[in-house]
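The values are calculated or read from the model by the stated rules, or taken from the named source; none is laboratory data. From a predicted model like this one, the values you see are computed outputs, not experimental measurements. So basically every Cβ, Gly included, is an ideal-geometry build from the backbone, and we count neighbours across all protein chains shown. Accessible surface areas use protein heavy atoms only, side chains included; no ligands, DNA or RNA. Shrake-Rupley method; radii C 1.70, N 1.55, O 1.52, S 1.80 Å.
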Amino acid sequence: MRPGLNRIKLFLKKPKVIIILAFLFVLSLLFWFCLPNPLFNSPTSYVIDDAGGQLLGASIAADGQWRFPPNAEVPEKFKQCIIAFEDKRFMQHPGVDLLALSRAIKQHLGKKKVTSGGSTLTMQVVRLATRHKRTIWSKLKEIFMAMRLECRYSKNEILSLYASNAPFGSNVIGLDAASWRYFGRSPDKLSWGEMAAMAVLPNSPSLVHPGRNRAILLKKRNLLLDKLHQQGTIDATTAALAKLEPVPDRPLPLPQLAPHLLVRFKADHQTDPQGATRIKTSIKAALQQQVNEILERHHQILKGNDINNIAAVVLDVETGATLAYAGNISHPEDTTMESDVDVVNAPRSPGSTLKPLLYASMLHDGLILPNSLMPDIPTQIAGYHPENFDLGYDGAVPASKALSRSLNVPAVKMLQQFKYERFYDFLHKVGITTLKQPADHYGLSLILGGGENTLWELAGAYADMARVLNHYNKYKGKYDPADYHNPVYTLSAPKKTDLQKSGLLDAGSIFYTLQAMEEVMRPGEEMLWQQFSSSQRVAWKTGTSFGFRDGWAIGITPKYVVGVWVGNTDGEGRPNLTGINTAAPVLFEIFRLLQVTREWFEMPLGEMVKIKVCRQSGYRAGEYCDDTDYEWVPQSGLKAPVCPYHQLVHLSADGKWQVTGNCVPPDEIINKKWFVLPPSMEYYYKTKNYEYHVLPPFRPDCVQAENANPMEIVYPKDGAKIYVPLEADGSRGRVIFNAAHRQTGVKIFWHLDDQYVGETRDFHQMALNPPPGKHILTLVDGNGNTIHIGFEVLAK
């Protein structure tokens with residue numbers, strides 16, 4: 001053995017052998033690393049497909065080419081056509097076809113010109129990747145690199161590389177883009193005639209161009225069809241029928257069903273360039289088209305009032321997936337419409353659309369019960385003076401009705417009780433990211449649209465509530481923190497998290513919130529719509545921003561959430577631009593597309609408790625509440641306040657006077673439980689609630705109990721700061737001061753800074769013109785009851 005080894009060592013040490021081995025080693029390295037990495041690095045178009053793979057839209061690539069991202073699946077028809085036309089031994093050769101190459105060399109030498117290239121499909125992929133010029137040296141490099149390509153990729157992968165990168169005339173690259181540009185559908189839906197035309201195009205894309213040289217294209221296509229027939233791929237009838245099909249005339253426009261979603265995907269991908277530039281979205285193309293048509297139809301009506309823009313989004317509650325995304329109308333030809341702005345993702349004033357979230361939060365915290373009375377009176381808090389949309393007041397209104405009627409003053413009172421700082425934090429937890437300023441910047445105006453929100457995040461927050469309620473029984477009374485998430489436009493596997501005993505909002509509070517939202521009267525329908533069995537059950541809320549700039553409507557069912565915005569992207573307000581007038585009709589037209597049934601959310605009884613509730617006040621019944629009902633309320637309702645409005649009053653024997661033990665013997669006093677609102681609430685409440693009984697006055701000879709002043713100043717409140725605007729003639733305007741008194745016919749004497757200014761009877765309003773500075777307003781009634789408040793008139 002050793003002599004043999006020695007001979008081998010001596011042989012390997014010979015200079016010629018060393019040179020040959022070194023050459024082979026270098027050649028091996030060149031062979032292994034000869035292919036560029038990545039093989040193709042050209043920019044691709046941004047492409048979005050619907051959930052079923054149908055093209056929704058595409059944008060041209062950065063280099064001006066229509067080049068769709070590579071598709072691993074090559075249609076069988078194209079495979080048969082391209083192999084028959086370009087490389088019939090493709091499935092057998094190792095990257096180079098020696099027979100075809102020798103034939104090409106022989107023809108070249110005989111005719112002194114190239115009549116047959118001899119390039120295989122693998123070599124053409126190399127040429128497309130390296131962009132070599134057609135020389136003998138480049139041909140040798142192509143052969144070398146093609147053999148390496150065959151080692152790295154399978155035959156189907158090589159066909160995919162070719163189909164994705166071959167030129168198809170003009171600025172169209174790849175079979176996928178060409179199929180849509182020339183035939184308006186995906187490659188897998190092309191006929192034999194259409195696919196044969198596609199197969200012959202890359203052979204000479206500059207000469208064979210759809211719309212020009214159609215006779216050449218037709219001839220080449222038909223020759224290929226004959227070849228397919230001769231080799232038995234298609235029968236004679238199929239070939240004959242395919243030849244009757246026309247060749248494409250000119251490129252077709254690509255579908256643009258969701259142009260704003262396409263722009264959004266492009267921006268998202270550029271921010272985080274992960275994955276391909278083509279995605280399968282959760283959009284349903286048919287629904288998207290129908291929503292687009294609804295928006296366009298309403299746009300034609302609304303633009304008569306110079307309302308130019310409208311957007312809508314449809315979400316699947318279970319997944320949060322977007323089923324339709326219409327960021328705006330689509331009128332690129334008219335730049336004044338600004339239809340390129342994606343309003344679905346644009347921060348706008350949300351109007352009243354946050355009120356359901358506040359109502360649910362207060363129920364969850366046990367601050368109110370579903371129908372607890374909330375004050376609805378003129379209110380001024382640290383200079384902030386909210387008003388209801390109709391500029392009227394109810395005095396007191398059940399919280400559920402305040403929500404269904406979208407009353408502003410009760411909402412501000414509720415936020416004042418809940419604390420706007422807490423609500424600000426809560427909004428961040430449910431996925432609202434557009435509140436960029438500190439909580440103090442927004443203050444109490446946050447609940448009336450003082451901040452900015454997007455239709456995307458608002459619809460997502462509403463979907464979160466529905467999802468939590470749907471999952472309550474599914475998770476056997478537990479909560480999944482992952483149920484709170486922003487909407488998505490692509491489907492992905494749900495996140496798995498540990499279930500918890502409590503959630504951000506309990507299911508009972510959400511259930512009563514949606515119940516209150518279902519009571520809202522719909523546009524163009526009577527209040528008795530619930531009696532029609534065909535009516536859809538939808539919990540919904542509208543919103544209108546200050547200055548009539550934004551109209552909102554968001555609706556919830558167990559399966560879907562629909563959000564609609566109407567307005568002008570430049571912020572111009574228009575008369576009657578309200579949520580109920582502009583957005584709500586669109587909302588319900590979209591819901592009719594969804595074929596929503598009367599199926600509704602299950603009551604989460606595990607999160608409920610039955611307690612005695614005061615029928616008049618809606619609070620937990622106290623010892624003086626006679627008129628009560630047992631009602632299901634969220635468990636947190638056990639810590640809700642006891643009714644503050646029922647009290648025990650002492651009356652004379654005839655019931656006409658309030659009395660005390662100081663003026664009437666105890667055995668002549670009638671003790672009666674009475675529903676008593678504060679004077680300012682009573683002043684408005686009694687005009688709209690005939691069953692309310694005003695408390696009798698004290699008998700003149702009886703001393704009035706402490707803290708029983710029958711008089712209250714409604715406006716302004718103590719410590720208020722008032723700005724008095726100037727009139728048209730430049731003079732300072734007047735301030736309307738307002739007071740309430742329990743007794744009718746009683747005079748009130750008004751004093752400003754200890755100076756008598758007038759008296760009122762029954763209707764207690766006084767117009768005054770105090771100069772800038774601090775003032776004291778004093779009211780004295782005919783019985784000697786007195787009340788004082790301080791206020792300040794601002795100079796500017």
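Treating the angle as unsigned and between 0 and 90°, give the value, to the nearest 10°, between the Cα long axis of helix 2-12 and the longest Cα principal axis of the chain.
With rounding to tens, the tilt is 80 degrees.
Note the angle between two axes, namely the Cα long axis of helix 259-271 and the longest principal axis of the Cα atoms of the chain, as a number of degrees from 0 to 90, rounded to the nearest 10.
Taking the Cα atoms of the chain, the angle to 259-271 is about 80 degrees.
Given the DSSP H assignment, sum -39500 (n - 2.57) over each helix run of at least 4 residues in the chain and divide by its residue total; what's the result at 222 nm in deg cm²/dmol, nearest 500?
Calculated from helices alone, the mean residue ellipticity at 222 nm is -10000 deg cm²/dmol.
Straight-line reach only, C-alpha to C-alpha below 16 angstrom: list the aspartates and glutamates that LYS656 could link to, leaving out same-chain residues fewer than 8 apart.
Output for LYS656: GLU668, ASP701.
Which of the peptides 405-414, 654-663 is most tightly packed, and how do the rest follow, judged by the mean count of other Cβ atoms within 10 Å per residue? Before the final figure, lay out the partial values.
Details: 405-414: 23.8, 654-663: 13.9.
Top of the packing list down: 405-414, 654-663.
Working from the alpha-carbon coordinates of the range 137-259, get Rg over Rh, Rh being the Kirkwood radius.
For the range 137-259, the value is 1.02.
Whole Å is fine, so just give me how far the alpha carbon centre of the range 345-361 lies from that of the range 663-739.
When both Cα centres are located, 34 Å separates them.
Given labels modelled 7 Å from the Cα in the Cβ direction, how far is it in nm from GLU73 to LYS189?
A separation of 1.4 nm, rounded to one decimal place.
Ignoring ligands, DNA and RNA, what percent of the 1.4 Å accessible area of the chain is carbon and sulfur?
55 percent
Roughly how many Å is it from the Cα centre of the range 454-474 to that of the range 297-318, as a whole number?
The distance from the Cα centre of the range 454-474 to that of the range 297-318 comes to 22 Å.
Mind computing the radius of gyration and Dmax over the alpha-carbon atoms of the range 659-724? Å is fine for both.
My reading of the Cα-based Rg and Dmax gives 15.9, 55 Å.
Would you mind checking the tilt of helix 214-230 against the longest principal axis of the Cα atoms of the chain, expressed as 0 to 90 degrees and rounded to 10?
70 degrees
Farthest toward the dipole's positive end in the chain, which of TRP657, ALA178, PRO585, given Cβ charges of +1 (Lys, Arg) and -1 (Asp, Glu) about the Cα centre?
Among TRP657, ALA178, PRO585, the one farthest towards the positive end of the dipole of the chain is ALA178.
Return the loop-located trypsin sites (Lys or Arg not before Pro) in the range 447-503 (DSSP other than H, G, I, E, B) with at most 10 other Cβ atoms within 10 Å of their own Cβ; answer none if there are none.
LYS476, LYS495, LYS496, LYS501
Based on the alpha carbon coordinates of the range 607-758, what radius of gyration and maximum Cα-Cα distance (Dmax) apply, in Å?
20.5, 66
Can you tally the lysine pairs in the range 189-270 where the Cα-Cα distance is under 30 Å and the two residues are eight or more apart, or on different chains?
9
Work through the residues other than PHE548 whose Cβ is under 15 Å from its Cβ and net out their charges, Lys, Arg +1 and Asp, Glu -1.
Around PHE548, the charge tally is -3.
Computed over the Cα atoms, what is the radius of gyration of the range 692-796 divided by 2.2 N^0.38 Å, N being its residue count? Don't skip to the answer; put the middle values down first.
Working: Rg = 15.4 Å, N = 105, 2.2 N^0.38 = 12.9 Å.
Computed over Cα atoms of the range 692-796, the ratio equals 1.20.
Would you work out the Kirkwood radius for the range 293-358? I mean one over the mean of 1/r across all pairs of different Cα atoms, in Å.
Evaluated over the range 293-358, this radius sits at 13.5 Å.
Mind checking the alpha-carbon convex hull of the chain and giving the volume per residue in Å³? Don't skip to the end; give the middle numbers.
Working: hull volume 226.1 nm³, N = 796.
Per-residue hull volume (Cα only) is 284 Å³.
From largest accessible area down, sort ILE329, ILE787; use a 1.4 Å probe on the protein chains. Could you put the intermediate results ahead of the total?
Working: ILE329 5, ILE787 35 Å².
Final ranking, largest accessible area leading: ILE787, ILE329.
Which residue, chosen from PRO273, ALA321, HIS441, occupies the Cα position most advanced towards the positive end of the dipole of the chain, where the dipole is computed from +1 (Lys, Arg) and -1 (Asp, Glu) charges on Cβ about the Cα centre?
Ranked along the dipole, the leading option is PRO273.
Give me the 1.4 Å probe accessible area per residue for the chain, excluding ligands and nucleic acids, in Å². Show your work: numbers first, answer last.
On the way: 38440 Å² over 796 residues.
Per-residue accessible area for the chain comes out at 48 Å².
Name the residues whose placed amide hydrogens come within less than 5 Å of the amide hydrogen of LYS717, ignoring near sequence neighbours (fewer than 5 apart) on the same chain.
Answer set, sorted by chain and number: GLN380.
What does the charge dipole of the chain about its Cα centre add up to, to the nearest 20 debye, if the Cβ of each Lys and Arg holds +1 and the Cβ of each Asp and Glu holds -1?
In debye, rounded to 20, the chain gives about 6920.
Structure shown: which of LYS541/LYS639; LYS79/LYS559; LYS686/LYS721; LYS541/LYS688; LYS436/LYS612; LYS413/LYS688 lie over 32 Å apart, alpha-carbon to alpha-carbon?
Beyond 32 Å between Cα atoms: LYS79/LYS559; LYS436/LYS612.
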